[in-house]
Each structure stands twice: as structure tokens, then as C-alpha cells.
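Quick notes on the structure that follows.
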């Protein structure tokens, strides 16, 4: 299975939640809570990816300073060197990357580097479980037909 398949199964119209790198951490936290998501992509006015901010980043920031939510900007806590994937990447390669790098969110970019989606570790696990279920069903049908 490839990333494009995962994106097709995700809710349409939801889009990728983005934020300005100059927005406050408090605004980012509200955005995460309102959308019930674990990460937000920081983009500039042209839509170029500048970073990714996750719940973990905010927690690390809070551990360093009690005033992080009132004084810091997204750019202060975000990961600027964002790992991305492409629609034609395999789910197996995503699993390896996400496990090795200990990340839970991968932005999907198109050929020109534009943001086209977001894949989470939950999406990857669900796709693998769906594949396994299909394999089990196929084996059951094969065994039943062989009798």
C-alpha cells in the first residue's frame, strides 16, 4: 500500500491544519485541541512548510518555562527540519521512518514540494491492519475452495 491510498481513506474536506510560525503557542494549543489533533504544520504566507509543532514540543517547552504559552511563538518550539513523505511512498517505508525517528506525524508533499496531506502513525497502523485482514480473508477463501 502507498501513502496516496491512505490519503484517499481519510476524511475529505478536513484538509491539513496549518498555522503561521509567528502565532503564539497558546493559539497553537487551542488549534490542536479544537481539531483534536496531535500536530500542526507551520507554513508561511505562500504555503511553504516552515516547521511542525506537536503536543510533545509544547510539553517540552512547558517543562522548560511556565510562561511558554504566553510568551513563545510557534517558531520557538517547532521542529524546523521537517521530515516529509510523498504520495507514492510505501507504508512499509513510512513505518520504518516513523519508528526509527520516533515521530507520529509526516506531512505529505507533492512533486513541487507543496503540502498535500498529513499521515499519522494511527493511519499507518490502520492501513497495515486492513491489509492483514484482507490477507486473512483471502487465505480463508483459498482454504475453503480447496476443500
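Any read-out appearing in this document is the output of simple, stated calculations on the displayed coordinates, not a laboratory observation. Just so you know, these numbers come straight off a predicted model, no measurement behind them. Note: ideal-geometry Cβ built from the backbone for every residue, glycine included; neighbour counts use all protein chains shown.
Per residue, the average separation of C-alpha pairs within less than 8 Å and at least 6 apart gives the chain a relative contact order of 25 percent. For the chain, the longest principal axis of the Cα atoms and the long axis of helix 91-101 meet at an angle of about 40 degrees. Going 7 Å from the Cα of residue 67 along its beta-carbon direction, which residues of region 21-49 have the amide nitrogen within less than 20 Å of the resulting point? Once the point is set 7 Å along Cα→Cβ of residue 67, 22-29 turn out to lie under 20 Å by backbone N, inside region 21-49.
Mind pulling the angle between the C-alpha long axis of helix 55-64 and the longest principal axis of the chain? Nearest 10 degrees, somewhere in 0 to 90. Rounded to the nearest ten degrees, it is 40. With contributions of -39500 (n - 2.57) from each DSSP H run of at least four residues, the per-residue ellipticity at 222 nm computed over the chain stands at -15000 deg cm²/dmol.
Compared with the dominant principal axis of the Cα atoms in the chain, helix 121-146 is inclined by about 0°.
Quick check: from the Cα gyration tensor, does region 3-146 come out rounded (a/c under 1.5), prolate or oblate?
Values: a/c = 2.68, a/b = 2.13, b/c = 1.26.
Because a/c hits 1.5 or more and a/b exceeds b/c, region 3-146 counts as prolate.
Pull up the DSSP beta bridges for the chain and report the antiparallel fraction as a percent, rounded to 5. Taking every DSSP beta bridge within the chain, about 75 percent pair in antiparallel fashion.
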